[in-house]
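Peer 1: A single structure is presented below for examination.
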Amino acid sequence: IGALYTFANGIAPYISFATSFEPVTESSGTSTPFDPTEAEQLELGVKCASDDGRFFAQAAVFDLEQTGVLSYDPVTFSYEQIGRIKTKGLELEGRAELGNGWSLIGSASWLDAEVAETANAAELGNSPARLPDTTAALWAKYTAQAGYDVALGIRYIGTSQGDSANSFEVPSTTLYDLALGYDFGKLSPAYEGLRGQFNVQNLTDEFYTASCASAYACFVGAERTVTASINYKF
């Protein structure tokens, strides 16, 4: 549920409240499965857009609480569903049409998360593993009247905790992406709606650790990925 009010100058403050649930797939070790985890989020923000639609910006702060999180008990070597995680954060987002075919899209977020309830007292107050404290992205795109467009993106993934004890950190990384597109309708009206796209994620093929759940469970980030596609709209 939410409410938003738009002023005549294009500024629109809003407030929203959301709830969610997610099934738990871990085994409880008994004939009774775990209950789904549940969450509640309160968000306050403001949006701003220009009359011509060329500029848009949004800022939001939120308070999120997740309950029913599984907590591993090192004494009994089993999971207990008593965990609770509290997260506060700030998100920024914006886009701009700069003219002459240039446009920008950017976003950033900062998180402050802590374990508020757990079966392991040593984890209390720690940050959850595998959750970056900062993420950011920026895309710059040039669209030519000849029908082609070129975009270059940069993504930053901040440090995250490598385990529930917060005994080590997973380092931050910066990744680059590339996108090339062409509108075949510029060649001939017969090709109107036909578009080709070429995307490269992790352009420099950076080898990095995406996250760790423990010192023995780390996950390698995706290597360079190249995709090509043809789309037709009618």
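The values are calculated or read from the model by the stated rules, or taken from the named source; none is laboratory data. Given the structure is predicted, the values throughout are model-derived calculations rather than measurements. FYI the Cβ positions are ideal-geometry reconstructions off the backbone, even for glycines, and counts take in every protein chain you see. Just the protein is used for accessible areas: all its heavy atoms, side chains included, with ligands, DNA and RNA removed. Shrake-Rupley method; radii C 1.70, N 1.55, O 1.52, S 1.80 Å.
Peer 1: Just to confirm my understanding: which cysteines in the chain have no other cysteine beta carbon less than 4.7 Å from their beta carbon?
Peer 2: Cys48, each lacking another Cys Cβ under 4.7 Å.
Peer 1: May I ask for the equivalent-ellipsoid semi-axes of the stretch 1-135, computed as the square root of five times each C-alpha gyration tensor eigenvalue and listed largest first in whole Å?
Peer 2: 40, 16, 13
Peer 1: For Phe56, what is the net charge nearby, where nearby means another residue's Cβ is under 13 Å from its Cβ and Lys, Arg count +1, Asp, Glu -1?
Peer 2: Residues near Phe56 contribute -1 overall.
Peer 1: Next question. Taking a cut-off of 27 Å, what percent of all Cα-Cα pairs in the chain are separated by more than that?
Peer 2: It works out to 54 percent of all Cα pairs.
Peer 1: Right, another one. With an 8 Å cut-off on Cα pairs and a minimum separation of 6 or more residues, tell me the relative contact order of the stretch 142-191 in percent.
Peer 2: 40 percent
Peer 1: Using protein chains only and a probe of 1.4 angstrom, how many square angstrom of Leu175 are accessible, to the nearest 10?
Peer 2: Number for this one is 0 Å².
Peer 1: Compute the longest continuous run of the chain that contains no exposed trypsin sites (Lys or Arg not before Pro); treat a site as exposed when its DSSP state is not H, G, I, E or B and it has at most 15 other Cβ atoms within 10 Å.
Peer 2: The longest uninterrupted stretch comes out as 55-223.
Peer 1: Can you tell me the accessible area per residue over the chain, all protein chains present, probe 1.4 angstrom, in square angstrom?
Peer 2: Per-residue value: 63 Å².
Peer 1: With springs only between Cα atoms under 10 Å, which of Leu111, Leu187, Leu131 fluctuates most in a Gaussian network model of the chain?
Peer 2: Leu187
Peer 1: Quick check: the distance between the Cα centres of the stretch 1-72 and the stretch 117-158, to the nearest angstrom?
Peer 2: Cα centroid to Cα centroid, the span is 17 Å.
Peer 1: A follow-up question, please. Note down the relative contact order for the chain as a percent, whole number, built from C-alpha pairs under 8 angstrom at least six residues apart.
Peer 2: Over the chain, the number comes to 10 percent.
Peer 1: Still on this model: Out of the total accessible area of the chain (probe 1.4 Å, heavy atoms of protein only), what percent is carbon and sulfur?
Peer 2: 58 percent
Peer 1: If you add up the charges near Ala151, with Lys and Arg at +1 and Asp and Glu at -1, over every other residue whose beta carbon is less than 9 angstrom from its beta carbon, what do you get?
Peer 2: Summing Lys/Arg as +1 and Asp/Glu as -1 gives -1.
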